[in-house]
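The values are calculated or read from the model by the stated rules, or taken from the named source; none is laboratory data. Everything numeric in this text was worked out from a predicted model, so none of it was measured. Methodologically, a virtual Cβ is constructed for each residue, glycine included, from the backbone with ideal geometry; neighbour enumeration extends over all protein chains shown. To get the accessible areas, we keep the full protein, side chains included, count just its heavy atoms, and leave off ligands, DNA and RNA. Shrake-Rupley method; radii C 1.70, N 1.55, O 1.52, S 1.80 Å.
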Amino acid sequence: MRFLARRFIFYVITAWAAITINFFIPRAMEGNPVDALLARYQGQVSPDAIRALTVLFGLDKNQSLWDQYVQYWQLLFSGNLGLSFTFFPTPVATVVQQSLPWTLGLVGLSTVISFFVGTLIGTAIGWKRGTWADGLLPVATFFSAVPYFWLGLLAIMLFSLTLKLLPAAQGYDPGLIPNLDFIFIGSVIQHGILPALTIVLSSIAGWMLGMRNMMVTVTSEDYVSVAQAKGLSERRIMFGYAARNAILPQISGFALSLGFIVSGTLVMEMVFSYPGIGFVLYQAVSAKDYPLMQGVFLVITLSVLVANIIADLVYTLLDPRTRQEG
Amino acid sequence: MSTVLPTPATVKTGEPVLQIRNLVVDYGYGDDPTHVLREVSLTLNKGEVLGLAGESGCGMSTLAYAASRLLPPPGIITGGEVLFTRRDGSVVDILKLSDKELRAARWNDIAIVFQGAMNSLNPVYRVSKQLTDVIATHRPALSRRELDDRAAELLELVGISPDRLRSFPHQLSGGMRQRVMIAMALALEPQVLIMDEPTTALDVVMQRQIVEQITDLRERLGFAVIFITHDVSLLIEVADRIAIMYAGEIVESATASEVYRMPRHPYSDGLLGSFPPLHGPRRELGGIPGSPPDLAKPIDGCPYADRCPFAFDRCRVENPALKQTVFADLEPERLVACHLHDLPLAKVPVQLTRRPA
């Protein structure tokens, strides 16, 4: 448990550092975004909102940097990330809250599917080297080498425009009211298939290749020969001895990719006009919406951190050598 | 002393348990494979320790793995048979077993202690799991409790405290890991134990302990051992019989003391000359100049001819067969593959014709 406590302290410090950097970056930027905003909305902004903005951007000249910093933390803890310019006067927290589930749901699920399917295929072709299954590799590599936006457009062209099987854009049918009924959920799934398919297709090669190569390495380890000599069943050797060890580096890669779910889906969300956080970030950047950018960055940082914590825990669970006992 | 290690009275000897006949192994597919084993024949009797010695790359490990059908690709067995005598007296050819039969026979009949003691244990499983999974596979009727008891018993057999069952391999020292491997090999009480350089990765003190342990266990449990090593001096202590391998062939086989005291093949003589003698006067260490031939190329004549100080014309054209020498009456077990022994006794180099006492 001492090990876990140490890791926890490490992550708390990392989180503190990341959030602190997030505090300083807007203060290092030139110009005064708040003035620009105020000019745009000419007096329609409440004094409270102005105050929150000023504090968030460190534009409050009457305050020392330290007081600003303390206030920034207070705002953070109360969930106040300021107001978005683009979706004015919606608070940034609300914008993030509305877009994050879409990204986490779609891209998260696709990443998990890609990881599991790719690792499983990699296990199989690594175990039975030199069979027809090796032919899957170049095919999968082709799809990951193709630029994603092109793959996405191609998929839209084929499945939406030509075959008219699946919708081309949006997260759900615009005629529906978001609601937890079957029609809405069905629409969400229908809209998710194409983006999910393209994400899986473009990312699966990495998992397959990584796992296959590790399997080939591990298969020549002595403990696999011992397992063979012991007469254990083929399945037991393949999963319990070979794959069980080969998967360890995959786990680190998986954790990293989980961290990039939030930030790495910009292209997908643009191609499919998907209402996720990548699309929000894109809008924020094009509108110079600094509070929103800052909020999204915060979410990205924290998600990478959380993914790392998960990876750490899973790795400790899977590899006894990384446990520091005592 | 006549033999260095007296054969235990409880073990019947002279009955073969494993007979390897004309085993041929190639590495590589296609037109020009490397012939790593060239018609090797070898018999292991019940309860005996047979030592296999030679330089690296002479096919000792290949022989052991081929006989248990564990050769990693691209090794292929292209000929020969491996006859195993079961406890009930029936004889099976291991090379002809179906995959299922082979799986069932493994570890039950022949268990192996591998070369890499340090890497033979799965790093992510506890010792107990690795000891019990093999027992559970072959004896599915046993309960969880019986499996754990057996695992504890096995560890005690090799002198490790049973509370080590909860350990992971990385928490054990090299010597302990090798002991765990020996315990694991004995889990199903196999008739044959193949030990592929079981002590190479260990320090001399630990080597000594492991070798004594094997000898001791062999006397108590009566299994036969094929002991593979580069260390001929070690073999002379543990083995009943020794087979010397060179370039994928057996060039001499005899009892351990016969090989040690009066080698008949120039290669055995050279190999023994590379170690300091344990007894007798001090002498200069010889070593053998050169290296074993490239097995990828065809070999005309005797493979040792290029390095042999006594080679003559016939050696370069005809590969000698493994057969008895003129001393056959005095040492019936000895087989030597050398043309020198076809010459009149006076013409054979004197160090190869020492008379049996």
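Listing for the model above:
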| quantity | calculated |
| --- | --- |
| Set A:LYS128/A:LYS230; B:LYS46/B:LYS323; A:LYS128/B:LYS46; B:LYS46/B:LYS96; B:LYS96/B:LYS129; B:LYS46/B:LYS297 screened for pairs whose C-alpha atoms are more than 26 Å apart | A:LYS128/B:LYS46; B:LYS96/B:LYS129; B:LYS46/B:LYS297 |
| Whole-number accessible area per residue in Å² for chain A, which is evaluated in the context of all protein chains at 1.4 Å | 51 Å² |
| Förster radius 22 Å - calculated FRET efficiency between B:SER173 and B:GLU212 (Cβ-Cβ, nearest 0.05) | 0.80 |
| Residue-normalised accessible area of chain B, expressed per residue, 1.4 Å probe, Å² | 44 Å² |
| Difference of contour (0.36 nm per residue) and Cα-Cα distance, A:ASN80 to A:ARG129 | 12.1 nm |
| Rel. contact order, % - alpha carbon contacts under 8 angstrom, at least six apart, chain A | 24 percent |
| Cα→Cβ-extended label distance, 7 Å offset, between B:TYR29 and B:ARG314, nm | 4.3 nm |
| With at most 11 neighbouring Cβ atoms within 10 Å, loop GluC sites (Glu not before Pro) (DSSP) excluded, longest segment of chain A | A:31-324 |
| Whole-number percent relative contact order across region B:263-319, with pairs defined as alpha carbons under 8 Å at least 6 apart | 29 percent |
| Accessible area of B:HIS230 in the full protein assembly, 1.4 Å probe (Å², nearest 10) | 70 Å² |
| Accessible surface buried upon B-A contact (total; probe 1.4 Å; Å², nearest 100) | 2100 Å² |
| Carbon + sulfur, % of accessible area of region B:178-241 - ligands and nucleic acids excluded, 1.4 Å | 49 percent |
| Estimated FRET transfer efficiency when R0 is 25 angstrom, pair B:LEU221-B:GLU333 (beta carbons, to 0.05) | 0.55 |
| Heavy-atom accessible area, 1.4 Å probe, ligands and nucleic acids excluded: residues of region B:95-129 down by at least 40 Å² from chain alone | B:ARG103, B:ARG106, B:TRP107, B:PHE114, B:ASN119, B:ASN122, B:PRO123, B:VAL124, B:TYR125 |
| Modelled FRET efficiency - R0 35 Å, A:LEU318 with A:SER46, Cβ distances, 0.05 increments | 0.10 |
| List A:MET157, B:MET206, A:MET215, ordered by accessible area with a 1.4 Å probe, largest first | A:MET157, B:MET206, A:MET215 |
| Percentage relative contact order, chain B, counting C-alpha pairs under 8 Å, at least six apart | 20 percent |
